[in-house]
Structure formats: C-alpha cells, structure tokens
Amino acid sequence: MNERAERKTIPIQDINETSNCASAEPYALMVLGDSMMPEFEEGEIIVVEPSGLVKDGSYVVAYVNDEYIFRQIVKHPDGWMLKPLNPLYENIPVADVDVAKGVVIMKKRPGKRSEQKSYI
C-alpha cells in the first residue's frame, strides 16, 4: 500500500486551535515534499519557534496565498522573497517578513538519535 496515501496532512491552524500549547511555544512539523531539498528531506522533523527572530536567510513557516509553506526568507533589492532550496520550484515575492509565522530552529531525522541540526 502507498505510504503517502495513508499520511494525513493537518493544517497548522488546526494544530494551534486544538492543542494545549500556548501560541508562543515551539512546535514540530514533518517536512512533506521536496521543495527544500537538499537541506531538508521529506520525512524529517523541523522544530518551529513562533516568536523566533526572522532575518535574511532564516528558514520559516510562512502564511502566503492562503496557505502555510516552509521556505527560506531572503532579502533582495525589491523587498523579500520566500525561496525554495530546490530550483524546480519558484520564488514567491512578499512585501515583508510579517508573512513568517515561525522560524525553524532545529531539524531531526526520525529514528536517528544522532542526526539533528540546529539553526540558532
């Protein structure tokens, strides 16, 4: 049976509304897809700090075009853009860093105790 067909995607806003966590507490998400390859592989777990400092080059969870996405936020001459690391995907221009709803502070590969990386 196809593993992808069995996986349920839960929108981030549902997590925030139904969890007992305060909105400023870090939360974990699983990377889906290949838009952030090679740094972030599908199935890896990222830890997101909702009140983290957003700066040029930060990996963020952003709300844009009525959905949450995981990208790198990058400053360019005309403003900011959400950049996928995989060149097969397009950059998304944004007005400012306010689209970022959290900063990735760590990643971990499930089942691999020693394989984790910090981004702070």
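The values are calculated or read from the model by the stated rules, or taken from the named source; none is laboratory data. Worth saying up front: this structure is predicted, and the values here are computed from it rather than measured. For neighbour counting, all protein chains shown are included, and Cβ atoms are generated from backbone atoms with ideal geometry for every residue, glycine included.
Observations, loosely collected:
- Test for Glu49: is it loosely packed, with under 10 Cβ neighbours inside 10 Å and either closer than 21 Å to Ile120 by Cα or modelled with pLDDT under 90 (or both): no
- Selection status of Ile105, part of a strand (DSSP E or B) and touching a residue at least 24 places away in the same chain (Cβ under 8 Å): yes
Table: residues versus (1) loosely packed, with under 14 Cβ neighbours inside 10 Å; (2) in contact with a Lys or Arg (Cβ under 7 Å, 6 or more places away or on another chain); (3) acidic (Asp, Glu).
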{"site": "Asn65", "(1), (2), (3)": "yes, no, no"}
{"site": "Arg71", "(1), (2), (3)": "no, yes, no"}
{"site": "Trp80", "(1), (2), (3)": "no, no, no"}
{"site": "Lys83", "(1), (2), (3)": "no, yes, no"}
{"site": "Tyr89", "(1), (2), (3)": "no, no, no"}
{"site": "Pro93", "(1), (2), (3)": "yes, no, no"}
{"site": "Asp96", "(1), (2), (3)": "yes, no, yes"}
{"site": "Ala100", "(1), (2), (3)": "no, no, no"}
{"site": "Val104", "(1), (2), (3)": "no, no, no"}
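Let's see how each residue does on (1) among the charged types (D, E, K, R); (2) in a strand (DSSP E or B):
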| residue | (1), (2) |
| --- | --- |
| Leu53 | no, no |
| Ile69 | no, yes |
| Val74 | no, yes |
| Trp80 | no, yes |
| Glu90 | yes, no |
| Pro93 | no, yes |
| Lys117 | yes, yes |
